[in-house]
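The values are calculated or read from the model by the stated rules, or taken from the named source; none is laboratory data. On a predicted model such as this, the values are computed, not experimentally measured, just so you know. Cβ coordinates were reconstructed from backbone atoms using ideal geometry, including for glycine residues, and neighbour counts include every protein chain displayed. For accessibility, only protein heavy atoms count, side chains too; no ligands or nucleic acids. Shrake-Rupley method; radii C 1.70, N 1.55, O 1.52, S 1.80 Å.
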Amino acid sequence: IIVIFFVIYLIRHFGSSIDDDEEWYKHPYAFFSEVACVQDEFTNRLYEELTERLVSMFNKLGITYFLCYGSLWGALKFQKTLPWDRNIDMCVIYHQIASIDDQKLHQAFKQVDLNYYYNSRRGKYVVSYKTVTAEITVFEKVGSHMER
């Protein structure tokens, strides 16, 4: 038990290999610190604006999209973003987004005033709008199911 607490202490004070914006909820120190359970109204409105911009862009490009992960749970339970969530989670289908020219995709993001980059290691687009972010996970159909 002492070894476990020592490891947690080292990770908490000297960092770990997990990126701050990825899988933050798995950090050992997350269990020992306060997590804000309510987003302010300004932040909630920014999440709504970001979602509206993404939906508009996906519709113009003809890309099927759907809520996933925490955003899906938030929509089902609260009809909005989870109060403690730090981003919007959406998913798209690989063959649809891959068929769009990179320049056209870049212009589509730019037209709705969104910044983005593709994280190939995680198979996600990371999108930012003002002070909020979204992750767009790419799924591919394999047989009768979808995989990341």
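Can you tell me which residue in the range 87-96 is farthest from LEU46 (Cα to Cα), limited to those that are surrounded by fewer than 18 Cβ atoms within 10 Å (Cβ to Cβ) and not hydroxyl-bearing (Ser, Thr, Tyr)? Don't jump to the end; show me each part of the working.
First, the residues of the range 87-96 that are surrounded by fewer than 18 Cβ atoms within 10 Å (Cβ to Cβ): 93-96.
Still in the list and also not hydroxyl-bearing (Ser, Thr, Tyr): 93, 95-96.
On the way: ILE93: 25, HIS95: 30, GLN96: 27 Å.
The residue in question is HIS95.
Considering only the range 99-120, state which residues are within 19 Å of the chain's Cα centre (by Cα) and assigned to a helix (DSSP H, G or I). Don't jump to the end; show me each part of the working.
Just the residues of the range 99-120 that are within 19 Å of the chain's Cα centre (by Cα), to begin with: 105-106, 108-110, 112-120.
Once the filter is applied, which keeps residues that are within 19 Å of the chain's Cα centre (by Cα) and assigned to a helix (DSSP H, G or I), the range 99-120 yields LEU105, HIS106, ALA108, PHE109, LYS110.
Being among the aromatic types (Phe, Trp, Tyr) and open to solvent by 70 Å² or more (accessible area, probe 1.4 Å): is that true of TYR69 here?
On the way: among the aromatic types (Phe, Trp, Tyr): yes; open to solvent by 70 Å² or more (accessible area, probe 1.4 Å): yes.
Here the answer is yes, as TYR69 does meet what is asked.
Would you confirm whether or not the range 121-138 contains a residue that is touching a residue at least 40 places away in the same chain (Cβ under 8 Å), open to solvent by 40 Å² or more (accessible area, probe 1.4 Å), among the hydroxyl-bearing types (Ser, Thr, Tyr) and not in a helix (DSSP H, G or I)?
Yes: the range 121-138 contains one or more residues that are touching a residue at least 40 places away in the same chain (Cβ under 8 Å), open to solvent by 40 Å² or more (accessible area, probe 1.4 Å), among the hydroxyl-bearing types (Ser, Thr, Tyr) and not in a helix (DSSP H, G or I).
Could you look through the range 44-66, keep only residues that are without any contact (Cβ under 8 Å) to a residue 24 or more places away in the chain, over 14 Å from GLU135 (Cα atoms) and not acidic (Asp, Glu), and pick out the one that is surrounded by the fewest Cβ atoms within 10 Å (Cβ to Cβ)?
ASN59
List the number of the failed condition for GLN79; all other conditions in (1) of a type in the set (S, T, N, Q); (2) open to solvent by less than 40 Å² (accessible area, probe 1.4 Å); (3) modelled with pLDDT under 90 hold.
(2)
Would you mind telling me which numbered condition in (1) touching a residue at least 40 places away in the same chain (Cβ under 8 Å); (2) assigned to a helix (DSSP H, G or I) PRO83 fails?
Single failed check for PRO83: (2).
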